[in-house]
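Here's the structure, in structure tokens; my notes come after.
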């Protein structure tokens, strides 16, 4: 009897174990897929970068993790010939959007091919042009280049002085969207003869490369120019005022003028676009530098800066890097109140003017952050024969721009 009871107990226990196992497996299949994924370890991010000639180390991680991009036949042949395509495993994205480790490992890679050149740009004028306008641009911004060509960036005589123009470009970041970019940019270059294209990727942190390559190009192909204006494509420039200012200066002497920023502190906040760790720049204050929206320099200063750029280590913020080069040649930049690279605010001394009133722009040189339509409209308003600023309500004292207080600030150039 005891034996029978013992056998029944064992059998019951066995059946209970089997039943529990079946219930466990059924419940496992009923668990939502999303909950299972939460318990899985996140895989490392693997990406394929471009060859060394494409400056892959300057890509933001978000861009570096994109699928391998298609290139046009000419560039593809070069990459196949070099056979330098690398595979890099990156850690998950940190708060900072910039790959500082890759930057530091490859910071000495600063010589890139010039894919489109304009070697005769400054030879068209006997004795060289009075002013060369150099505008930072990207391949996809054709509309901005076109509005500059039709307004303040026109080539030819302005107030009796010869003006020439070039646009500074790198290769585009998104080649899948701009599948025909190379054909289009070559056609644009043949039509206007004002495109300079280098073989590095056009990113925010590659603007320093654009700076040094342009200075090298100007020293080699435009050494006979008297003055240079270098700025962004989203600025409005009163070229007549610039010429009037430059005619009182000697191009064989040092000159560097703009919206100068003094005592700027490096930004240590990781989420900032301008974050710089102490390991990259340990000092508490940057040297004086010009806001990148636009500045003027003489040919004499241009040649000195082109040499200094080769002696100063690359820095990811181009405005500050140029300030380091100015410090290297012991040249103090000049602050001019006509350069408004952080935009304009209506002063209390001119309550009768609106911030987009052409009379408000009449005595300025450079105003940053205008849309395409705004640049076209302001240029036409200022050149209208019907423009009259004397009919405005008069104030007791004539309006003048007050000098900017040299206050300590954090460096965050407006883009």
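Could you say whether any residue in segment 224-247 is surrounded by fewer than 19 Cβ atoms within 10 Å (Cβ to Cβ), under 21 Å from residue 122 (Cα atoms) and touching a helix residue (DSSP H, G or I) at 6+ places or on another chain (Cβ under 7 Å)? Looking for residues that are surrounded by fewer than 19 Cβ atoms within 10 Å (Cβ to Cβ), under 21 Å from residue 122 (Cα atoms) and touching a helix residue (DSSP H, G or I) at 6+ places or on another chain (Cβ under 7 Å), one finds at least one in segment 224-247, hence yes.
Go through segment 99-186 and tell me which strands (runs of 3 or more DSSP E), entirely inside it, have 2 or more residues that are without any contact (Cβ under 8 Å) to a residue 40 or more places away in the chain and surrounded by fewer than 16 Cβ atoms within 10 Å (Cβ to Cβ).
On the way: elements: 114-116, 131-136, 156-158, 161-171.
By residue number, 156-158.
Within the group 226, 273, which residue is in the same structural domain as residue 149 (by TED's automatic domain parsing), closer than 28 Å to residue 138 by Cβ and in contact (Cβ under 8 Å) with a residue 60 or more places away in the chain? Lay out the reasoning, then the answer.
Details: 226 fails: closer than 28 Å to residue 138 by Cβ.
Being in the same structural domain as residue 149 (by TED's automatic domain parsing), closer than 28 Å to residue 138 by Cβ and in contact (Cβ under 8 Å) with a residue 60 or more places away in the chain holds for just one of 226, 273, which is 273.
When the residues of segment 297-321 are narrowed to those that are touching a helix residue (DSSP H, G or I) at 6+ places or on another chain (Cβ under 6 Å), in contact (Cβ under 8 Å) with a residue 60 or more places away in the chain and assigned to a helix (DSSP H, G or I), which ends up farthest from residue 134 (Cα to Cα)? Walk me through it before giving the result.
Here is the first cut: in segment 297-321, the residues touching a helix residue (DSSP H, G or I) at 6+ places or on another chain (Cβ under 6 Å) are 302-303, 305-306, 308-309, 312, 314-316, 318, 321.
Those left that are additionally in contact (Cβ under 8 Å) with a residue 60 or more places away in the chain: 302-303, 305-306, 309, 314-316, 318, 321.
Filter again for assigned to a helix (DSSP H, G or I), leaving 302-303, 305-306, 318, 321.
Numbers: 302: 13, 303: 15, 305: 16, 306: 15, 318: 15, 321: 18 Å.
Residue satisfying both the conditions and the ranking: 321.
The lone criterion from (1) under 18 Å from residue 226 (Cβ atoms); (2) modelled with pLDDT under 95 left unmet by residue 156 is number (2).
Within segment 355-367, the set of residues being crowded, with 20+ Cβ neighbours inside 10 Å and modelled with pLDDT of 90 or more comprises 365, 366, 367. Considering only residues in segment 191-208 that are at pLDDT 95 or above and in contact with a strand residue (DSSP E or B) (Cβ under 7 Å, 6 or more places away or on another chain), the one that is farthest from residue 144 (Cα to Cα) turns out to be 198.
The values are calculated or read from the model by the stated rules, or taken from the named source; none is laboratory data. As the structure is a computational prediction, the values presented were derived from the model and not from experiment. Reconstructed Cβ throughout: ideal geometry from the backbone, glycine too, with neighbour counts over all protein chains shown.
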